[in-house]
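Participant: Shown below is the structure under consideration.
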Amino acid sequence: MTAVRIALVTGANQGLGRALVEGLAARLGPDDLVLLTGRNAQRVADAADLVRGDPATRSRVEGRVLDVTDADAVARLAAELGDRYGGVDLVVSNACAPLTPDRPQSEQADAFIDVANRGAHAVLRSFGPVLRPGGRLIVVASSLGTLGHLEPPLHHLFDGACLDDVEKAVESWRSALHDGTAQELGWPRWINVPSKVAQVAAVRAVAAERRAADLKRNILVAAVCPGLVDTALSRPWFADFSQAQTPAEAAVAPLDLLLSAEVDPAAYGELVRFGAVLPWHGGTPPRDPEGLLAG
């Protein structure tokens, strides 16, 4: 990597995103820059102030407003960083919209899909091209992102798909949610499942095109599963948090992956959980809400 590193985390106002910023700011050098991004200007500013005030912080921290559902805004920020710094080194697509059990999931689908899926697609499209040698781009997903969590008739939509095909599959699923045919077509009741599979499929699609060139430049593109994290997003779904991690605990494995000196080719383009690759074709369709966010 270059002497001064540039890192960026989306959805970083709170929870895992802020913990990742805190970890990067503690582990990078004093000349390095960590960009804490989110949609709400005040929350971004407050979170950046908190990280800067942490005694463990070593690097520079800057808050930037970024709405990942605005693909043009994502592209502008990537271009700005490319022009100003010659690219970026560490990018984490972490943004996620709330999903609560007290409302029909079809009513929450648009906001959820726009952030988790369209947002991840925008980050992959815009920040992939500006990764510098030694760079890392990871999408925070879930163990539910393996293909086996979908019914077999749906596998062809994501297996070996290019990013355009993944986007078409997501929009087809979205339409089925709105017209009431999703379950008839075999889509899981829990919208987190297809969303996570699509996130991992998007990573695999981009990685398939970049693999040879990236490995020569020690660049990693991958998805990560942080495990169950005790956050405001997961709290509504679980009664027992005895096995949940704090955001700081959950950030450790992704940070180790981001800051690893060399890329493990076996992890490139894959879903990684606590340092181990999860088989793309693994998993079974979940039958209850306890599987929704546990991965």
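The numbers here are math on the coordinates, done by the rules we state, and not lab data. Every value quoted in this text rests on a predicted model; they were computed, and no experiment measured them. Positions of Cβ are generated from backbone atoms using ideal geometry, with glycine treated the same way; all protein chains shown enter the neighbour counts.
Participant: Suppose the Debye formula is applied to equal point scatterers at every Cα of the chain; what is log10 I(q)/I(0) at q = 0.14, 0.16 Å⁻¹?
Facilitator: -0.99, -1.32
Participant: Does anyone have the angle between helix 192-216 and the longest principal axis of the chain? Alpha-carbon axes, 0 to 90°, nearest 10?
Facilitator: Helix 192-216 and the main axis of the chain meet at about 50 degrees.
Participant: Mind checking the angle between helix 71-85 and the chain's longest principal axis? C-alpha axes, 0 to 90 degrees, to the nearest 10.
Facilitator: 20 degrees
Participant: Report the charge-dipole magnitude of the chain in Debye, nearest 20, computed about the Cα centre from +1 at each Lys and Arg Cβ and -1 at each Asp and Glu Cβ.
Facilitator: I would put it at about 620 debye.
Participant: With θ set to phi - 60°, apply the Karplus curve 6.51 cos²θ - 1.76 cosθ + 1.60 along the range 111-118 and write out the HN-Hα couplings as whole Hz, x wherever there is a Gly or Pro.
Facilitator: 5, 5, 5, 4, 7, 5, 9, 4
Participant: Measuring from a point 7 Å past the Cα of residue 235 along Cα-to-C-beta, which residues in the range 1-42 have an amide N at less than 14 Å?
Facilitator: Correct set: 14-16.
Participant: Taking the Cα centroid of the range 171-187 and of the range 27-101, what is the distance between the two, rounded to the nearest whole Å?
Facilitator: Rounded to whole Å, the Cα centres lie 34 Å apart.
Participant: Same structure again: Starting from one equal scatterer on each C-alpha and no solvent at all, send me the Debye-based log10 I(q)/I(0) for the range 111-197 at q = 0.25 Å⁻¹, two decimals.
Facilitator: Treating every Cα as an identical point scatterer, log10 I(q)/I(0) equals -1.42.
Participant: Compare 102, 70, 49 in a GNM of the chain, Cα atoms joined below 10 Å, and give the one with the largest fluctuation.
Facilitator: Looking only at 102, 70, 49, the biggest GNM fluctuation is shown by 102.
Participant: Would you mind checking which residues have amide H under 5 Å from residue 220's amide H? H placed 1.01 Å from N; only 5 or more apart, or other chain.
Facilitator: 135, 136, 137
Participant: Right, here's the next one. Among bridges DSSP assigns within the chain, what percent are antiparallel (round to 5)?
Facilitator: So the antiparallel bridges in the chain amount to around 10 percent.
Participant: Now, a different point. Using Cα springs under 10 Å in a Gaussian network model of the chain, which residue among 77, 16, 124 shows the largest mean-square fluctuation?
Facilitator: Largest GNM mean-square fluctuation: 77.
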